[in-house]
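All remarks here apply to the structure that follows.
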Amino acid sequence: MNYLEAIILGIVQGLTEFLPVSSSGHLELAKVIFGDKSLPKESLTFTVVLHFATALSTIVIFRKDLLQILRGLFQFKNNEELVFSLKIIVSMIPAVIIGLLFEKELEAFFDRNVLLVGFMLLITGLLLFLADKAKNTDHNVTYKNAFVIGISQAIAMLPGISRSGATISTSVLLGVDRTKAARFSFLMVVPLIFGKVAKDFMGGSISFSDEKSGVLLAGFFASFICGLLACHWMITLVKNSKLYYFSIYCFLVGAIAIIYSYFYL
């Protein structure tokens, strides 16, 4: 992978992270188009770095929300901020368990597996289609909802399953208000990504001391900048537009990926 490819992949990540169309799935498809020959572990590392960049852009965009949550936590009272934080922690449990127990198996999926991405995009499209038919409410996320949404987030560790699409769709199908579902969806992933990156750093999986550090940094900055530029209007698009249109897009790209894997790989 060269610098140009890394920058393009960073742009793809930054643009697709906030839409329910699977940024990881698009990254894997883009790697196939570029003929990326990196090992599964290296491929997953690059993906993690790009997700870390968009996590940082999420923090910048939601900085007021996060500061409010932190202020509430330091009051050491049973307030709304503490309850929200506890729900975030509950939502993290499934992904943490799956990530720790099946890390090697997950790495193997990030090996330009076009067929898997295609089928997972179809599942994402189905989730979005069902969520689009659900009635909108003004309900908040409950602890039970948070755990079920967390299961969706764990499943979305597979390339092709949109994390935001799965979590927002699950929230809406559970009767949660769409605006609140989007906010919870974007904030719940931040601690997981930071934890994953910290674990990889301490374990030596990610290193900026070798010849590939420049490529990683190029992808990182491209993803971060695009995430900042796109986050505002993409979040608005998710909350105000019909999920139906995103489901159609996932169906089309998923079908193309499946056909491509059968006839050209």
Note down the magnitude of the dipole of the chain about its Cα centre, charges +1 on Lys and Arg C-beta and -1 on Asp and Glu C-beta and zero elsewhere, to the nearest 20 debye.
740 debye
Only helices at least 24 Å long along their own axis, judged from Cα atoms, and with Kyte-Doolittle mean hydropathy of 1.0 or greater: name those in the chain from DSSP H.
40-61, 80-101, 114-133, 213-240, 243-264
To the nearest 0.05, the calculated FRET efficiency linking THR142 and LEU229 through their beta-carbon distance, R0 being 41 Å, is 0.75
Any idea how far apart ALA198 and VAL83 come out in nm if each label point goes 7 Å out from Cα toward Cβ?
2.7 nm
Once normalised by the length of the chain, the mean sequence separation of its alpha carbon contacts under 8 Å that are 6 or more apart gives a contact order in percent of 37 percent
Please state the relative contact order of region 58-147 as a whole percent: Cα pairs under 8 Å, 6+ residues apart?
37 percent
Of the options TYR249, LEU50, PHE62, report the single residue whose Cα projects farthest towards the positive end of the charge dipole of the chain (beta-carbon charges: Lys, Arg +1; Asp, Glu -1).
PHE62
Percent RCO, i.e. relative contact order, over region 1-132, from Cα pairs under 8 Å lying at least 6 residues apart:
34 percent
For the chain, treating each Cα as an identical point scatterer without solvent, what Debye log10 I(q)/I(0) comes out at q = 0.07, 0.09, 0.14 1/Å?
-0.23, -0.38, -0.95
Residues meeting the amide H criterion for HIS139 (H placed from the backbone, H to H distance under 5 Å, 5 or more places apart or on another chain) are ASP177
Within region 47-111: Cβ-based charge dipole about Cα centre, in debye rounded to nearest 20 (Lys, Arg +1; Asp, Glu -1):
440 debye
Among GLY125, GLY175, GLY214: highest mean-square fluctuation, GNM of the chain, C-alpha pairs under 10 Å:
GLY214
Pairs of Lys in region 1-154 closer than 16 Å at Cα, counting only those 8 or more apart or on different chains
4
Binned Cα-Cα distances of region 1-145, short to long, each 10 Å bin given as a whole percent:
9, 28, 35, 21, 6, 0
Inter-probe distance in nm under a simple model that places probes 7 Å from Cα toward Cβ, at PHE221 and LEU101:
4.2 nm
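Where a number appears in this text, it was derived from the coordinates with a stated rule and is not lab data. Note that the coordinates shown come from a computational prediction; the quantities given were computed from them, not determined experimentally. Because the Cβ atoms are built from the backbone with ideal geometry, glycine has one as well, and the counts that use them run over all protein chains shown.
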